[in-house]
Amino acid sequence: MISQPHAAILCSPGMGHLIPVIELAKRLVNHHNVTVTIFAVQSNTSRAESELLKAATSPKFCDIIELPLPDISGLLDPDAAIVTKLSVMMREIRPAFRSAILAEDSPRPSILIVDLFGTESLPIGDELGVPKYVYVACNAWFLALTVYVPILDKEVEGEYVDQTEPLKIRGCSLVQPEEVCDPMLNRADQQYLEYVRIGGEIPRSDGILLNIWKDLQPKTLDAFKDESLLGRVVKVPVYPIGPLTRSAQSASPTGLRDGDLFNWLDKQPSESVIFVSLGSGGTLTYEQMTEMAWGLELSQQRFIWVVRPPTSKRTDAAFFTSGKGDDDPSSYLPEGFLTRTRDIGLVVPIWAPQVDILSHPSIGGFFSHCGWNSTLESIINGVPMIVWPLYAEQRMNATLLSDELGVAVRSKVPPWKGVVEREEIKRMVRKIMVEEDGIAIRGKVNELKLSAVKALSQGDSSYNALSQVASTTK
Ligand code: UDP
């Protein structure tokens with residue numbers, strides 16, 4: 001008798017990692033007859049994260065084993081970059097993960113899947129004698145750069161950001177030096193060494209899962225199949241299995257819809273509200289927040305804005321706080337802003353149920369930091385974007401969305417080069433919400449939405465790709 005396949009998925013801390021892993025688990029369980037155990041590493045900093053895990057178990061569709069993090073404070077500089085922190089956490093968790101997965105009372109997996117930061121645990125798949133996959137919950141261009149970085153490390157001299165020519169990756173779009181992802185910004189930093197290591201480890205899996213669909217990046221996906229291009233570096237199959245995103249109603253970590261917010265949204269005209277939100281970690285400086293507030297007000301468009309206290313320290317500062325929802329926006333927004341915009345805008349401190357908001361018919365645009373989950377949530381709801389990349393690989397995502405796919409607008413001067421002024425913010429908001437160009441962009445995003453929905457349907461590309469993964473056993 002052939003037993004039901006069982007996938008073990010190792011998930012690193014952070015909402016941006018947990019969300020696509022839970023969606024992958026749902027897909028495997030509901031569409032491919034696979035049982036799943038998620039091994040979730042707990043960083044204990046995010047309330048939203050623990051609430052999301054709780055919500056994922058009611059009703060229960062898979063087993064979730066939380067792996068408490070050992071004390072790593074002695075191994076890390078408190079100011080270490082997020083990539084360094086995650087890499088150290090995932091390295092130190094290996095003994096606990098190994099014991100948990102090999103425990104006698106836990107069901108033996110027939111497939112091991114790790115996320116981007118879990119590649120050091122791939123050898124556990126060999127120990128178990130099962131196929132091992134890496135789930136890069138991102139796009140193919142980012143994967144290309146990541147697996148290529150060990151080569152660039154040998155070929156390129158000096159800092160990447162100081163290069164005068166764009167970085168060439170066989171078979172895909174050039175990467176402008178200023179667009180490289182955060183770990184490549186300083187080659188002397190530990191996060192760079194970790195990133196090069198990860199880039200070298202991914203191709204040692206038996207396959208790579210990407211949270212995209214075939215028609216989103218056909219050229220880059222083809223380059224992975226061509227041995228004269230990216231296929232030279234990655235000899236294992238790349239499976240576009242997405243877009244895997246949460247559906248509305250399940251978006252709020254508490255499972256509750258915020259009454260006031262949705263009552264207000266229900267009263268606004270169709271596609272008239274711009275949603276401004278910078279992911280789970282994004283923060284702005286005080287100066288930039290002031291310009292953002294004025295830009296929104298001057299645009300005279302309706303808005304919902306998820307705000308966090310400003311900080312000049314780093315653009316991903318909210319990853320390092322506990323995500324409490326009790327701050328007072330009037331203490332850092334321009335004087336009178338809340339009163340003047342009372343009838344056209346809502347300011348939500350810290351966290352909002354993003355998927356429910358993006359899927360509401362009154363939403364007409366998304367001012368986004370271009371995290372990959374947010375990007376997919378926007379596309380799948382047919383919402384055009386204003387791209388405001390802050391950290392990680394978001395500068396590349398922004399270029400992909402605005403220059404290649406044509407579903408977003410970007411500022412003339414990028415936000416990482418200094419403060420973007422209120423007039424520019426007003427221009428972008430009006431472009432997407434009221435101008436002719438906005439209509440064309442909306443048309444393109446709706447086309448993409450349709451191709452994404454089709455890819456996920458039974459018998460189509462993403463469905464088939466995940467079926468292939470589900471059916472591989474050694
Ligand atoms: N998110 C949310 N409410 C917020 C901020 C973020 O629900 O106020 C969710 C968002 O819908 C997305 C995830 O958190 O699913 C953020 O992931 P993404 O990859 O976009 O960015 P990251 O936070 O990892 O930078």
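Derivation of every value follows stated rules applied to the coordinates shown; laboratory data play no part. As the structure is a computational prediction, the values presented were derived from the model and not from experiment. Quick reminder, even Gly has a Cβ in these numbers, built from the backbone with ideal geometry, and neighbours come from all protein chains shown.
For this structure, a couple of remarks:
- The packing ranking of peptides 74-82, 364-372, 140-148, highest mean first, is 364-372, 140-148, 74-82, where packing means the average number of other beta carbon atoms within 10 angstrom of each residue.
- FRET efficiency for the pair residue 103 and residue 186, taken as 1/(1 + (r/R0)^6) with r the Cβ-Cβ distance and R0 = 45 Å, rounds to 0.65.
- Sorted fewest first by neighbouring Cβ atoms within 10 angstrom, 360, 31 come out as 31, 360.
- Contour excess over end-to-end distance, with Cα ends at residue 343 and residue 468 and 0.36 nm allotted per residue: 39.8 nm
- Only Lys, Arg (+1) and Asp, Glu (-1) charged, at Cβ; the range 401-474 dipole about Cα centre in debye: 200
- Here the convex hull built on the C-alpha positions of the range 256-452 has a volume of 114 cubic angstrom per residue.
- Net charge, residue 35 excluded, C-beta distance under 14 Å - Lys, Arg +1, Asp, Glu -1: +3
- Think of the chain as having a plus end and a minus end, set by charges on the Cβ of Lys, Arg, Asp and Glu; of 81, 276, 378, 378 sits farthest toward the positive end of this dipole.
- Whichever lysines have a C-alpha closer than 19 Å to that of residue 85, once near sequence neighbours (fewer than 8 apart) are set aside: 313
- Where both bridge residues fall in the chain, DSSP classifies roughly 5% of the beta bridges as antiparallel.
- The Cβ shell under 15 Å around residue 171 holds other residues with a net charge of +2, Lys and Arg each +1, Asp and Glu each -1.
- Sequence of 85, 431 once ranked by neighbouring C-beta atoms within 10 Å, starting from the fewest: 431, 85
- Environment charge at residue 385 (Cβ cut-off 12 Å; Lys +1, Arg +1, Asp -1, Glu -1): +3
- Stokes-Einstein D (µm²/s) once Rh is taken as the Kirkwood radius of the chain over alpha-carbon pairs, at 37 °C in 0.692 mPa s: 144
- Anisotropy class of the range 127-219 from Cα gyration tensor, a/c 1.5 cut: oblate
- About its Cα centre, the range 56-200 has a charge dipole of approximately 560 debye under the convention of +1 per Lys or Arg Cβ and -1 per Asp or Glu Cβ, with nothing else charged.
- Test item: Cα-centred dipole of the range 256-452, Lys/Arg +1 and Asp/Glu -1 on Cβ, debye: 200
- Neighbour counts of C-beta atoms inside 10 Å place 52, 244, 67 in the sequence 67, 52, 244, starting with the fewest.
- A Förster radius of 35 Å, combined with the Cβ-Cβ distance separating residue 266 from residue 312, puts the computed FRET efficiency at roughly 0.40.
- With the highest mean first, a sort of the peptides 396-402, 339-345 on other beta-carbon atoms found within 10 angstrom per residue produces 396-402, 339-345.
- Cross-link reach is defined here as a Cα-Cα straight distance under 18 Å, omitting same-chain residues fewer than 8 places apart; for residue 444 the aspartates and glutamates meeting it are 215, 271, 377, 403, 404, 435, 436.
- Peptides 123-132, 33-42 ranked from most to least packed give 33-42, 123-132, packing being the mean of other C-beta atoms within 10 angstrom over each peptide's residues.
- Unsatisfied cross-links (Cα-Cα over 31 Å) in the set 54/417; 154/412; 267/449; 225/417; 225/449; 154/219: 54/417; 154/412; 225/417
- Cα gyration tensor shape of the range 393-468, rounded if a/c is under 1.5, else prolate or oblate by comparing a/b with b/c: oblate
- Pairwise FRET efficiency - residue 413 versus residue 154, Cβ, R0 = 35 Å, nearest 0.05: 0.55
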